[in-house]
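Single-structure report; data block below.
Read-outs: derived from the displayed coordinates by stated rules, not from any lab. These numbers were taken from a predicted model, which means no experiment stands behind them. Cβ placement follows ideal geometry from the backbone for every residue including glycine, while neighbour counts extend to all protein chains displayed.
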Amino acid sequence: MLRKKIVAGNWKMNNDIHETNGLIKDLLNESNSTNCQVMIAPSFISLQSSVTMLSDSKIEVVSQTMHHENNGAYTGEVSAKMLSSIGVKTTILGHSERREYFKETHDMLKLKVNKALENSMDIIFCFGEELKDRKSENHFSVISNQISESLFHLKKSDWTNIVLAYEPVWAIGTGETASSYQVQEMHNFIRTFVAKKYNTQLAESVSIIYGGSVKPGNAKEIFSMQDVDGGLIGGAALNSKDFFSIVNSF
Ligand code: PEP
C-alpha cells in the first residue's frame, strides 16, 4: 500500500501578513519538484491570502486548529465551515500546545474531528507523550489513550481523511529529537494499535508523520524509517531553505 508522504510546516503564532507573504514567495522559489505533499499552516489571518498566493502551486494551505461548531457565540473562534469557504481543506487538530495552553481534551478533540469530517476536511491529528510519561514507561498507554479517545469512534471510511502525527512533547521546540529507533518503535506501535481496532489494510494505508525538532540534519534518517510517512515541522518551517531541505529529504 502506497501511503501519502507529507511534510507540513506549522508556523504557530509567527509571521504577520508581510512576513507571511515574504516566506511564501521564498517557498515558491524553492519548490520545484517534490516527492511528497507539502503543506503550510500559517495563522488564521493569513490563510486566505496564502491560499490565493499558492493557488497555482502544489503547496497546500492548512489551518492550525478550528472550533467544533459551524457558527455561534464563540468569540474569537474560527469554524470548519469558515475555513472551507476560503479553500482550506485540511486542519491540524490536537497539537500539544492546544492541549496544554488551551485545555483541549480528548472529548473536545473528538467533537472537532467530527466537525472537520462533516465539512469534508482532512485532519492531521497530533498526539504525543510528555517526558514524565516516557520516564515512567507509560508512553505507549498515553499514546493509545489519546488515539482511541478521540478517533476510535470513527467509521473505517472516515480514516481516508486522517493523518496521524506523533509528536513527543519533550521533543517539540526543544532541539531534542527522538532517536530514529524511538520514532520507528512508536510509529509501528501506533500502526499495530490501529490495525487491532480496524484491520491491517486500513492501518497500512494511514500516513503517520513525526514531529519534534526535525531539522535538515536529521530529516533523512527519520524519514527513512519504515513507518514514518513524513514530518510536522515547527521551527525549521520558518526558513524556506531549511524547510525545503527537509522536504527534499525524501
Ligand atoms: C511542532 O510544533 O509541531 C513541532 C514539531 O515543532 P518543532 O519542529 O519546532 O519541534
Given backbone amide H placed at 1.01 Å from N, residues whose amide H is under 5 Å from that of Ser79, ignoring those fewer than 5 places away on the same chain, are His67
Centroid-to-centroid separation of the range 55-98 and the range 111-157 [C-alpha atoms, Å]: 18 Å
List the lysines whose alpha-carbon lies under 24 Å from that of Lys115, not counting same-chain residues fewer than 8 positions away? Lys4, Lys12, Lys81, Lys89, Lys103, Lys155, Lys156, Lys197
Please compute the volume of the convex hull spanned by the alpha-carbon atoms of the chain and report it per residue in Å³. 118 Å³
Which of Ser179, Ser150, Ser79 moves the most in a Gaussian network model of the chain with Cα springs under 10 Å? Ser179
What are the residues whose amide H is under 5 Å from the amide H of Ala165, where those residues sit 5 or more places off or on another chain and H is modelled from the backbone? Phe125, Cys126, Phe127, Ile209
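Can you tell me, using C-alpha contacts under 8 Å and at least 6 residues apart, the relative contact order of the chain as a whole percent?
Numbers: 465 pairs, mean separation 54.7, N = 250.
Across the chain, relative contact order equals 22 percent.
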Pop out the ³J(HN,Hα) list for the range 234-250 in order, Karplus 6.51 cos²θ - 1.76 cosθ + 1.60 with θ = phi - 60°, rounded to Hz; leave Gly and Pro as x. x, x, 6, 7, 8, 10, 4, 5, 5, 4, 6, 5, 5, 4, 7, 6, 6
If amide H atoms are modeled at 1.01 Å from N in the peptide plane, then the residues at a separation of 5 or more from Ser31, or on another chain, having amide H under 5 Å from its own are none
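Roughly how big is the range 6-247's charge dipole about its Cα centre, with Cβ charges of +1 (Lys, Arg) and -1 (Asp, Glu), in debye to the nearest 20? Please list the in-between numbers first.
On the way: 22 positive and 28 negative charges, 73 e Å.
Around 360 debye, computed over the range 6-247.
Taking the beta-carbon count within 10 Å as an exposure proxy, list Ile246, Ile86, Ile172 from fewest neighbours to most. Let's see the in-between values first.
On the way: Ile246 26, Ile86 14, Ile172 20.
If I rank by nearby Cβ atoms, fewest first, I get Ile86, Ile172, Ile246.
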Give the aspartates and glutamates reachable from Lys196 as a straight Cα distance under 18 Å; neighbours fewer than 8 places away on the same chain don't count. Glu149, Asp158, Glu185, Glu204, Asp227
